[in-house]
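Here the structure is laid out as structure tokens; the discussion comes afterwards.
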Amino acid sequence: MRCTIILLNTIKATLLAVCCLVVASCQKSIIPNDPAGFDAGSDLARVGLVLQGPGVASGLRLLDLGTGQRYTLAEGTEVPEKIDLVMLWGSASGMNLIAPSNIARLNEWSAGQTINNTWLVKNTTTFVRIKSSATTQATYDGIMRTDDLAEAYQNALNTVEQQEGYLESEYGPGPAVRNLTVGDLVFMETEKQVRAVALVTNLATGTSGSLGLSMKIDVSKRTEIPPVPASERIEIYETELDRPGYDEGKRFLDFSTGTTYDLSAMTPQERHAFHHQEKIDVVFLNSADKGGFNFMSPDDEEWLASWSIGSDLNANWLVKNEGVFVKMDASAKADSIFLHSYRKSHLRNAFSHALAEVDGQEGYAIDTHGPGKHIGSLKVGDLIFFKSESKQIYVMAKVTAQASGGAGTIALAVKVDRSEEIAVPPPPVRNLRLTGVGASTADFIDFSSVVVHKEGTAELNTAAIDVAHLRGSSTSHNFIAITNGPGFGAWTAALRANIEAWPVRNHAELINLGSAAEHVALYESLDERDREAMAAAFEHAKTLHTPTGRLSNVGTGDIIFINSVDRGIIVAIKVVESNPQGGLEIAFKISQN
């Protein structure tokens, strides 16, 4: 009589499972709230199901063991707190069952990397595999109640290592088993306090394959894992910096977004580091004397001064973001920390631990490992921890590739917590491109507002105009004081007459020192916030050249001083590019009473 009851209830369980499997993505539990309803003599739920498509996007390869519900990767990603196991196929490892918490193992598949990078909850499941034998079917059949399952599970734990050819990676106990075959028994215990035994009933190999399981499940102590709020989500990306010894090199990094910038004169403004100072977290430079590749924050004036580009940044940038770096040398520990950091709280805790432990590394040196405004001797596998004091972001970056030298590269895998990011205000723009040619297109410059007017709008703002710019066929680029009528008359009498009719004409004194190294050094040394220094620099320029109302043939590299007398403005100009057939690009510093 007992055999008849078991047979009938087995048929009922199988029919229920089949009904659920008809729907490609069953949306409700196939395990009842009262498992005893399956069999008057059993308090275990019995389920037959098939996991499908271990390498297919639409594959039902994820399982909530407590409900029997299967999910695609996309569906599981929406509710990771429900997922207990993932089925994946490997050419060498066959069919695998893997817990979401097994980050290192999952990282060997692209689908696993998606889980690692995007799931904020990664449940733990312990597997024990008993290889198919003459007794596995009988063992499975003999498990009727929760006590039987508990005893069989403990016995499996005690005997798993005694199997011929035992390997922990294949048989457990642990967060994964592999090379499953028909007839195998797999015991499972989840973080949600669900325990089960599965008999492998059929198996189709390959990424489009399937795994049939006949299961007995104890859900009597099942608990729910709460979801983690989206506020814990971090951003993940990959980026590459290059050519740390060249202006065109991508040597400046915004850790918030992974965007890189350079300083080449040919670079569009949207990718030029000078025009995005407020975003820059990292300056990437190379020096054999300083251990090769170095990362430093823009405010690290002492360290930056060892490079000419760093000295230029010190002198000219008005926004220099502050940050703290810590480096952990490449190691298994570094790999593990990076893999297991997938929430913002993980990044913050890891940064705190790195600060506390960094000086315990073998070969520790503060200039190499931090904590501080710079780190050096970067190599593949190193783990970088960073906090922007200016932007309030936390970063973990792993060096994934490197080619050394001034023309080399460094590739990073980056994780960022931007949840409390502060938008640093940009500096006042201190760069202009002037395109005026003749009388009709002359440029009229308001240095204070960093605005270039054409004549029509300049006439409406005469009190704000400091000087004009025009390009001549024989005089190339010219700066002309607004009070210099003959200077404008060299183009057309009408232009001169129009300017002389302005209600306000600001007087200016102009000096071109040329491009000699000492004059460039003077410009680089100036801090526009230091009025006395700016005034002293203009007075020094007057000892070398008599001020004039017009400068002609302005060339690349020239250092120019302008005293807009009536407005109380002193301007120091560095000509970035002078194209005799094109425009004039200038960078400048301004001091105003």
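The values are calculated or read from the model by the stated rules, or taken from the named source; none is laboratory data. Here the structure is a predicted model, which is why all the values come from computation and not from measurement. All Cβ positions, even for glycine, are placed from backbone atoms using ideal geometry, and neighbour counts span all protein chains on display. Ligands, DNA and RNA are stripped out before the accessible areas are found, and what is left, the full protein with its side chains, is counted by its heavy atoms. Shrake-Rupley method; radii C 1.70, N 1.55, O 1.52, S 1.80 Å.
Here are the numbers for the structure shown:
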| read-out | value |
| --- | --- |
| Mean Cβ neighbour count within 10 Å, used as a protection proxy, ranking 548-560, 92-104 highest first | 92-104, 548-560 |
| Student exercise, the chain dipole from Lys, Arg, Asp, Glu Cβ charges, in Debye to nearest 20 | 1420 debye |
| Solvent-free Debye scattering, log10 I(q)/I(0), computed from the Cα coordinates of the stretch 459-507 at q = 0.16, 0.17, 0.26 Å⁻¹ | -0.41, -0.46, -1.01 |
| 16 Å Cα cut-off, lysine pairs counted over the stretch 232-417 (separation 8 or more, or different chains) | 27 |
| Nearby lysines by direct alpha-carbon distance to Lys454 (threshold 24 angstrom, same-chain neighbours under 8 apart not counted) | Lys574, Lys589 |
| Accessible-area composition of the chain, carbon plus sulfur, in percent [1.4 Å probe] | 52 percent |
| Average accessible surface area per residue within the chain, 1.4 Å rolling probe, Å² | 42 Å² |
| Protection-proxy order for peptides 151-164, 44-57, each taking the mean of Cβ atoms within 10 Å per residue, highest first | 44-57, 151-164 |
| Reachable aspartates and glutamates, given that their alpha-carbon falls under 14 Å from the alpha-carbon of Lys131 and they are not under 8 places away in the same chain | Glu161, Glu164, Glu168, Glu170, Asp184 |
| Debye intensity ratio in log₁₀ form over the Cα atoms of the chain, taken at each q of 0.07, 0.08, 0.12 Å⁻¹ | -0.62, -0.71, -1.10 |
| The stretch 236-264-the stretch 301-335 distance, computed between alpha-carbon centres (Å) | 13 Å |
| Gyration tensor (Cα) of the stretch 45-218, equivalent ellipsoid semi-axes in angstrom | 24, 17, 15 |
| Where labels lie 7 Å past Cα in the beta-carbon direction, separation of Ala490 and Ala413 in nm | 6.2 nm |
| Paramagnetic reach from Glu500 (point 7 Å along Cα→Cβ, amide N under 13 Å) across the stretch 464-487 | 483-487 |
| Positive-pole candidate from His340, Ser256, Leu378, dipole of the stretch 232-417, charges at beta carbon | His340 |
| Highest average packing first - 181-189, 319-327, Cβ atoms within 10 Å | 319-327, 181-189 |
